[in-house]
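After the structure tokens below, expect a handful of questions from me.
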Amino acid sequence: SVDAALREAKKKGRNSYFFYNEELHRWLLNKIRIENELPGALANDQLELFYQPQIRPEDGLLVGVEALVRWRHPKNGLMLPKQFIPVAEETGLIGEIGTWVLKEACSRMEAWQSAGGPKIPISVNLSFRQFRDSRLVTFIKNALDSCGLSPQYLNLEITESMMADDMEHSRNVLGEIRNLGIGISLDDFGTGYSSLSYLRNLPINRLKIDRSFISDIEKNKRDQAIVAAIVTMAENLWIEVIAEGIETKEQLATVENCRCRAIQGYYYSRPLSEAEFKRKYLFPS
Ligand code: C2E
Ligand code: MG
Ligand code: MG
Ligand code: MG
């Protein structure tokens, strides 16, 4: 066991292996703890969605919103997806979490619209396992039907890496989803190995330019050229573009210069709790 290995290493003295083991040990303990606690997170309503606005800089209009899951952990506080989504993906619990996220996002958007909020789509991230689940389309329909949200106000975000090994299957599933009237975004665009072939083969209607093209964009002419080319290409394909991870006004100006018309990033807002999102973006007084 890890404990035994750790005791063994300790006896041998504080060499570099010991430190390595100690770190591994801590990492493993944390993983086991999360594995054990995650089922309770669902059962005890500890999951929560945060909302990040998507803005058209031209006039500051709210054009969409991305739902991002958080775990309000009784001891650790607010936990980010990277702290538990990988574990959920490994253990299979991502299925239940993903279904919850879909339902929650749809019913929030329906409630906001019923209260007179803007008619904008809500984006939900899918995981690899969800995408491969043959019940996915049923889950999506259920989420929409149970709250009465019209499919045009739901957008699903997928990544290139999810398509990699089965393009044929991916195209069929996405086609079915698009036929329901739901939008599909290709998230983290440009980080995969064959981004262009995905655009060519898949029924997607929006792409999100990955943050890595943005972080240095005001200085990096290559990034500028790439972003400008993506925007032009997308325009010709009738695909919407949104730039992710805009943090500064210089980045914003540069991206606008590349004719990108929608952005998401800390420059406008971090992901917000529902209460804050409503107050600042949906029903500002
Ligand atoms: P993503 O879908 O690419 O979401 C954008 C991430 O970038 C969010 O992190 C957001 O807070 C962050 N971000 C937005 N603007 C900026 C910015 O200007 N600067 C920087 N540095 N970061 C920015 P978050 O919420 O931690 O989510 C991370 C990833 O976790 C998401 O990446 C998505 O892949 C995954 N995720 C989030 N919610 C869910 C979910 O409900 N289900 C699944 N399967 N995955 C989720
Ligand atoms: Mg996303
Ligand atoms: Mg992204
Ligand atoms: Mg990402």
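The values are calculated or read from the model by the stated rules, or taken from the named source; none is laboratory data. Bear in mind that the values here come from a model prediction, so they are computed numbers and not experimental data. As a convention, Cβ positions derive from the backbone with ideal geometry for all residues, glycine included, and neighbour counts pool all protein chains shown.
Quick test for you: out of 76, 36, 30, 44, pick the one residue that is among the polar types (S, T, N, Q), surrounded by fewer than 15 Cβ atoms within 10 Å (Cβ to Cβ) and closer than 26 Å to residue 188 by Cβ.
Answer to the selection: 30.
Next question, about the same structure. Looking at (1) part of a helix (DSSP H, G or I); (2) away from ligand 4 (no atom under 16 Å from the Cβ); (3) surrounded by fewer than 18 Cβ atoms within 10 Å (Cβ to Cβ), which is the one condition that is false for residue 110?
(3)
Just the residues that are in contact (Cβ under 8 Å) with a residue 24 or more places away in the chain, among the small types (Gly, Ala, Ser) and either over 13 Å from residue 264 (Cα atoms) or away from ligand 1 (no atom under 11 Å from the Cβ) (or both), please, taken from region 47-78.
Scanning region 47-78 gives a single hit, 64.
Which condition breaks for residue 189 when tested against (1) over 26 Å from residue 110 (Cβ atoms); (2) more than 16 Å from ligand 4 (Cβ to nearest atom)?
The number of the failed condition is (2).
Just a yes or no: is a residue in region 268-283 among the aromatic types (Phe, Trp, Tyr), surrounded by fewer than 16 Cβ atoms within 10 Å (Cβ to Cβ) and touching a residue at least 60 places away in the same chain (Cβ under 8 Å)? Before the answer, list the steps.
Keep residues of region 268-283 that are among the aromatic types (Phe, Trp, Tyr), which gives 268, 277, 281, 283.
Next, from what is left, pick out any that are surrounded by fewer than 16 Cβ atoms within 10 Å (Cβ to Cβ): 283.
Of the ones still in play, those that are also touching a residue at least 60 places away in the same chain (Cβ under 8 Å) are 283.
For region 268-283, residues among the aromatic types (Phe, Trp, Tyr), surrounded by fewer than 16 Cβ atoms within 10 Å (Cβ to Cβ) and touching a residue at least 60 places away in the same chain (Cβ under 8 Å): present.
Turning to a different aspect of this structure: So for region 180-191 (the condition being surrounded by fewer than 17 Cβ atoms within 10 Å (Cβ to Cβ) and modelled with pLDDT of 95 or more), does at least one residue qualify? Let's see the steps before the verdict.
Taking region 180-191 and keeping what is surrounded by fewer than 17 Cβ atoms within 10 Å (Cβ to Cβ), we get 180-181, 191.
Add one more test, that the residue is modelled with pLDDT of 95 or more, and what stays is 180-181.
Yes, that holds for at least one residue.
Does residue 194 satisfy being over 27 Å from residue 113 (Cα atoms), within 15 Å of ligand 1 (Cβ to nearest atom) and not β-branched (Val, Ile, Thr)? Walk me through how you get there before you give the answer.
On the way: over 27 Å from residue 113 (Cα atoms): yes; within 15 Å of ligand 1 (Cβ to nearest atom): no; not β-branched (Val, Ile, Thr): yes.
No.
Turning to a different aspect of this structure: Quick check on this structure: which one of 185, 123, 150 is within 12 Å of ligand 1 (Cβ to nearest atom) and more than 29 Å from residue 37 (Cβ to Cβ)?
185
In region 182-267, which helices (runs of 4 or more DSSP H) lie fully inside it and hold 2 or more residues that are more than 25 Å from residue 137 (Cα to Cα) and either over 17 Å from the mean Cα position of the chain (by Cα) or within 14 Å of ligand 2 (Cβ to nearest atom) (or both)?
221-236, 249-257
Report yes if some residue within region 166-180 is more than 16 Å from ligand 4 (Cβ to nearest atom), within 23 Å of residue 246 (Cα to Cα) and in contact (Cβ under 8 Å) with a residue 12 or more places away in the chain; otherwise report no. Break it down stepwise before answering.
Just the residues of region 166-180 that are more than 16 Å from ligand 4 (Cβ to nearest atom), to begin with: 166-180.
Next, from what is left, pick out any that are within 23 Å of residue 246 (Cα to Cα): none.
Taking every residue of region 166-180 in turn, none turns out to be more than 16 Å from ligand 4 (Cβ to nearest atom), within 23 Å of residue 246 (Cα to Cα) and in contact (Cβ under 8 Å) with a residue 12 or more places away in the chain.
So in region 121-165, with the set limited to residues that are of a type in the set (A, V, I, L, M) and in a loop (DSSP other than H, G, I, E, B), which one is farthest from residue 241 (Cα to Cα)? Please lay out each step first, then the result.
The first filter runs over region 121-165 and keeps only residues of a type in the set (A, V, I, L, M), leaving 122, 124, 126, 136-137, 140, 143-144, 149, 154, 156, 158, 162-164.
Now restrict to residues that are in a loop (DSSP other than H, G, I, E, B): 126, 149, 164.
Working: 126: 19, 149: 24, 164: 22 Å.
Residue satisfying both the conditions and the ranking: 149.
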